[in-house]
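Single-structure report; data block below.
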Amino acid sequence: MRLDERLALTDVGVSVVPLHVWRLMPALPMPVFGVYLLHVASGVQLNVRTLPAQAALSADAFAAASMRYLDGGWPGPRRITTFAIDGGLRGAVGVYDDAMPGAIVREWLITDGTRLLNAAAYATARQWEDRLLDDAEALLRSLRFE
């Protein structure tokens, strides 16, 4: 795969540019939601899946819906921020420092105004600081709904 080549995640209807940083994990023998990408340097897995739009999680009212969704996802205090991605995508990320012992959970919600994508991973503070966060954000900035 070339460095700038797009990887189609057909099970979730998107494509990304993984560079040589992420690798698609083989399908698991048990049912899972979405797909898993492996961060090669850290071994951390990022779960990527689509979410059905619904009254409580509307792509049209993304700001309010994303806050509601991310506010109820994990126990403990949370920080939620919103962002924009080139191509008209909007997103929000929730950071949960105390949701899991010894790990920080990050969960992203991204929309093109019609569809919703969810991505989540947990890792130690050190792993997030050692390129994982930058690599995850670069991967999600490369996202394209297909």
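Of note:
- Multiplying the residue separation of D60 and D11 by 0.36 nm and subtracting their alpha-carbon distance yields 15.3 nm.
- Global geometry of segment 4-146, whether rounded, prolate or oblate, following the gyration tensor of its Cα atoms and the 1.5 cut on a/c: rounded
- Our coupling estimate for segment 14-20, obtained by passing each phi through the Karplus curve with A = 6.51, B = -1.76, C = 1.60 and θ = phi - 60°, is 9, 10, 9, 10, x, 6, 10 Hz, Gly and Pro reported as x.
- The chymotrypsin sites (Phe, Trp or Tyr not before Pro) of segment 2-102 that meet both conditions, a loop assignment by DSSP and at most 13 other Cβ atoms within 10 Å of the site Cβ, are F33.
- For segment 117-130, 3J(HN,Hα) computed residue by residue from phi via the Karplus equation (6.51, -1.76, 1.60; θ = phi - 60°) reads 10, 10, 9, 8, 8, 10, 7, 6, 4, 4, 4, 4, 6, 8 Hz, glycine and proline entered as x.
- When shorter helices are ignored and each DSSP H run of at least 4 residues is given -39500 (n - 2.57), the per-residue value for the chain at 222 nm works out to -3500 deg cm²/dmol.
A short reminder: the numbers here are calculations on the coordinates, not readings from a lab. Nothing here was measured: the structure is a model prediction, and the numbers come from that model. As a convention, Cβ positions derive from the backbone with ideal geometry for all residues, glycine included, and neighbour counts pool all protein chains shown.
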